[in-house]
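The values are calculated or read from the model by the stated rules, or taken from the named source; none is laboratory data. Everything numeric in this text was worked out from a predicted model, so none of it was measured. In this analysis, Cβ positions are derived from the backbone assuming ideal geometry, glycine residues included, and neighbour counts consider all displayed protein chains.
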């Protein structure tokens, strides 16, 4: 895709003319099909122009999309850039509200209008909380994103790509200066990570400076090894490769090394000022911020207490179902003793060896391949993009989550990827393998994300956007879905499925406990250990994730419950007319939407289908 910078003022005037001005357009309520087609096309063109404007300002997202326009640059992290982004949003929102007559739009474009307005209103409202986060933490941040981005996103197919890679290495020092300014700005208003975050982030950053050329070592550093392997595969002379390697070494020494050393020094100083207060309640206007975060994450009006109580109820229900399985397999003892058995018995884990990790990855790939063969039973449409299974890279495996998904490139140059973390093999039990693969891979995030990117009748901001409750709700729903196909035939695997759902139910309790009820890190860890069969290392990582990402983990269970709720309602109303493949088409064929919009779409499908007119295209 070739991006282009569109002048916002010209766009505004052009679209005002297309829609005849707000006062004239608002007078009219009935439009011909031709007028609606023309108006919808004009607005979708405007959406595309605004998208292109934003993409032109984000070299990193360009690369993510497979666009090499600014392949040698990084994003601007300054406050000025944030302020300019806010002003563009205000101009766009004013235009949509003042100059667009929704009656002139077709149904698909009306939904795009509705979602765009809501997103822009939220962005403007949320700007007051722009400092309420930790840009560097054990889960994510530029200290780990830089190597991850270069390794996984920056492809080298020719010499120019290699030169762009080197230019990006040279640009890291200036970008980290911007990052440190951002951290200082947060510190001034009392927003710093708690103490436990600093050793992990400092270690992660320090790992980038291990190996040559930073040390007198035969082992190449992470970035040098990546660059060397990539240029080794392109068709250039050995002399050119040697020259590129020399330039990369120079950039690593003169830009990467000082950048990381400055960041590490800053973090070491800041760590001496950090406290052990863990919840968002400690932020300025912390309670308001957390309530707002919950509303954005869940796309509901559920309060923190509502979510906490839902979690407690779900934990109780799932424990009951687990007791049934415990009795089924003939285990004599309490559920807690069964948890201990599942945690410790070696039959449930691969060996803590290279061979054991390879065996895990082979089985994970087999599970994905097997599910690929069952998709026609669940979907009328499948994504064109392929999906692969890959182990999390060593440089980030210690701090990364146990599994996650990376979407494919829009241009097809990169498949979707299900990452499994092999760092702690005891945190990856065999009985959870199925549910984990289904959630992160197929029919989970790959179906939802790849299919959204491949839609042709929605704007790019919807193809590439997302609502956590929708995307993660779908992921958790698809852990349960294979059970209806007869999967999880082994009761231990079904227990694993329930263990995964239990984990998400506990999240509702612990996230709200930490951020609203002032639970400590240790109290959160204890709740997970006492109520789940997961390894304690899982509990530690999860609680630390809650702390640095307030509200995010509440989306999974809230979203799953809503999908199951609207599905059950549709089945009750439609009876024999209910088709699970059509239902999944309704859920997926418009991309990610808020949960209230999802419910409206399902209700509309049911109503039309009862009239005998519903069709879900493939």
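Of everything listed in (1) assigned to a loop (DSSP other than H, G, I, E, B); (2) surrounded by fewer than 19 Cβ atoms within 10 Å (Cβ to Cβ); (3) within 25 Å of the chain's Cα centre (by Cα); (4) in contact (Cβ under 8 Å) with a residue 40 or more places away in the chain, the single unmet condition for residue 408 is (2). Check whether at least one residue in the range 370-377 is part of a loop (DSSP other than H, G, I, E, B) and loosely packed, with under 12 Cβ neighbours inside 10 Å, and report yes or no. Checked the range 370-377: at least one residue is part of a loop (DSSP other than H, G, I, E, B) and loosely packed, with under 12 Cβ neighbours inside 10 Å.
Listed by position, the helices (runs of 4 or more DSSP H) inside the range 551-615 whose residues that are modelled with pLDDT under 95 and out of contact with any helix residue (DSSP H, G or I) (no Cβ under 8 Å at 6 or more places or on another chain) number at least 1 are 595-610. Kindly indicate whether residue 310 is outside any loop (DSSP other than H, G, I, E, B), within 32 Å of the chain's Cα centre (by Cα), assigned by TED's automatic domain parsing to the domain that holds residue 444 and farther than 18 Å from residue 431 by Cα. Criteria met by residue 310.
Hey, could you check the range 464-486 for residues that are within 16 Å of the chain's Cα centre (by Cα) and not in a helix (DSSP H, G or I) and say which is farthest from residue 54 (Cα to Cα)? Across the range 464-486, the extreme among qualifying residues is 467.
If you go through the range 325-335 and keep only what is in a helix (DSSP H, G or I) and surrounded by 14 or more Cβ atoms within 10 Å (Cβ to Cβ), you end up with 325, 326, 335. The numbered conditions (1) at positive phi; (2) buried (at least 18 other Cβ atoms within 10 Å of the Cβ) are all true for residue 285 except (2). I'd like to know if the range 414-423 contains one or more residues that are touching a strand residue (DSSP E or B) at 6+ places or on another chain (Cβ under 9 Å) and modelled with pLDDT under 90. Yes, because at least one residue in the range 414-423 is touching a strand residue (DSSP E or B) at 6+ places or on another chain (Cβ under 9 Å) and modelled with pLDDT under 90. Condition check: modelled with pLDDT of 95 or more, within 24 Å of residue 590 (Cα to Cα), exposed (fewer than 15 other Cβ atoms within 10 Å of the Cβ) and under 26 Å from the mean Cα position of the chain (by Cα). Does residue 121 satisfy that? Taking the combined requirement at face value, the residue satisfies it. Looking only at residues of the range 462-481 that are more than 30 Å from residue 286 (Cβ to Cβ) and modelled with pLDDT under 95, we find that the one that is surrounded by the most Cβ atoms within 10 Å (Cβ to Cβ) is 462.
If the condition is being surrounded by fewer than 21 Cβ atoms within 10 Å (Cβ to Cβ) and either under 20 Å from the mean Cα position of the chain (by Cα) or modelled with pLDDT of 90 or more (or both), then the range 426-451 contributes 430, 433.
When residue 537 is tested against (1) crowded, with 20+ Cβ neighbours inside 10 Å; (2) touching a residue at least 40 places away in the same chain (Cβ under 8 Å); (3) assigned to a helix (DSSP H, G or I); (4) in contact with a helix residue (DSSP H, G or I) (Cβ under 7 Å, 6 or more places away or on another chain), only condition (1) is not met. Of the residues making up the range 185-201, those that are within 28 Å of the chain's Cα centre (by Cα) and assigned to a helix (DSSP H, G or I) number 8.
When 264, 231 are checked against the criterion of being on the phi < 0 side of the Ramachandran plot, surrounded by 15 or more Cβ atoms within 10 Å (Cβ to Cβ), touching a residue at least 40 places away in the same chain (Cβ under 8 Å) and over 28 Å from the mean Cα position of the chain (by Cα), a single residue qualifies: 231.
Checking each residue in the range 96-105 for being touching a residue at least 60 places away in the same chain (Cβ under 8 Å) and surrounded by fewer than 17 Cβ atoms within 10 Å (Cβ to Cβ) picks out 98, 103.
Any chance the range 540-552 includes a residue that's outside the structural domain of residue 65 (by TED's automatic domain parsing), within 30 Å of residue 110 (Cβ to Cβ) and surrounded by 18 or more Cβ atoms within 10 Å (Cβ to Cβ)? Yes, the conditions are met somewhere in the range 540-552.
Go through the range 62-71 and give me each residue that's surrounded by fewer than 18 Cβ atoms within 10 Å (Cβ to Cβ) and at pLDDT 95 or above. Within the range 62-71, 68, 69 qualify.
Yes/no per residue for (1) under 17 Å from residue 268 (Cα atoms); (2) in a loop (DSSP other than H, G, I, E, B); (3) out of contact with any helix residue (DSSP H, G or I) (no Cβ under 8 Å at 6 or more places or on another chain):
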| position | (1), (2), (3) |
| --- | --- |
| 148 | no, no, yes |
| 154 | no, yes, no |
| 165 | no, no, no |
| 179 | yes, no, no |
| 183 | yes, no, no |
| 203 | yes, no, yes |
| 209 | yes, yes, no |
| 214 | no, yes, no |
| 226 | no, no, no |
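Is the range 575-590 home to any residue that is surrounded by fewer than 17 Cβ atoms within 10 Å (Cβ to Cβ), under 24 Å from the mean Cα position of the chain (by Cα) and under 29 Å from residue 297 (Cβ atoms)? No, the conditions are met nowhere in the range 575-590. Residues considered: 57, 86, 111, 93. Of these, the only one that is crowded, with 19+ Cβ neighbours inside 10 Å and not assigned by TED's automatic domain parsing to the domain that holds residue 166 is 111. Among the candidates 137, 133, 101, the residue that is under 24 Å from residue 221 (Cα atoms) and out of contact with any strand residue (DSSP E or B) (no Cβ under 6 Å at 6 or more places or on another chain) is uniquely 137. Tallying residues that are surrounded by 18 or more Cβ atoms within 10 Å (Cβ to Cβ), in contact with a helix residue (DSSP H, G or I) (Cβ under 7 Å, 6 or more places away or on another chain) and part of a loop (DSSP other than H, G, I, E, B) within the range 381-398 yields 6.
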